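Trainee: I'd like to ask some things about the structure below.
Each value in this text was obtained by applying a stated rule to the coordinates, not by laboratory testing. Keep in mind the model is a prediction, meaning the values are calculated, not measured. A quick note on method: Cβ atoms are made from the backbone with ideal geometry, for glycine too, and the neighbour counts reach across all protein chains shown.
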Amino acid sequence: MKLFCNCCGKEILTKENSQIALEDYVVIEKSWGYFSKKDGIRQKMIICESCFESWTGSFARPLQEMEEQELL
Ligand SMILES: [Zn+2]
């Protein structure tokens, strides 16, 4: 199954005939609860690094950032 960025629509590069991604991307999944207008709905999105940078760069408050202790 091919992966696409939900924001810009570009395909996330994967190793040929596999699902191993050759670039990093963000996955956000949300199961909406009782006090939302989407109660019982589950949503998932994939965002490429470039879209993530422009999107979060528009936020009023910067993201929390910390160093990974162990790089995989
Ligand atoms: Zn994108």
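Trainee: Counting only Cα atoms, I'd like the Rg/Rh figure for the chain, Kirkwood definition for Rh.
Mentor: Computed over Cα atoms, the ratio is 1.04.
Trainee: OK, next. Compute the relative contact order of the chain as a whole-number percentage, counting only Cα pairs closer than 8 Å that sit 6 or more residues apart in sequence.
Mentor: About 25 percent, as a whole number.
Trainee: At a 10 Å Cβ-Cβ cut-off, how would you order M66, M45, fewest neighbours first?
Mentor: On the way: M66 5, M45 12.
The fewest-first ordering by Cβ neighbours comes to M66, M45.
Trainee: How would Y25, Y34 line up from fewest to most surrounding beta-carbon atoms within 10 angstrom?
Mentor: Starting with the residue having the fewest Cβ neighbours, the order is Y34, Y25.
Trainee: Eight or more residues apart or on different chains, and alpha-carbon atoms under 26 Å: count the Lys pairs in the chain matching that.
Mentor: Close lysine pairs found across the chain: 9.
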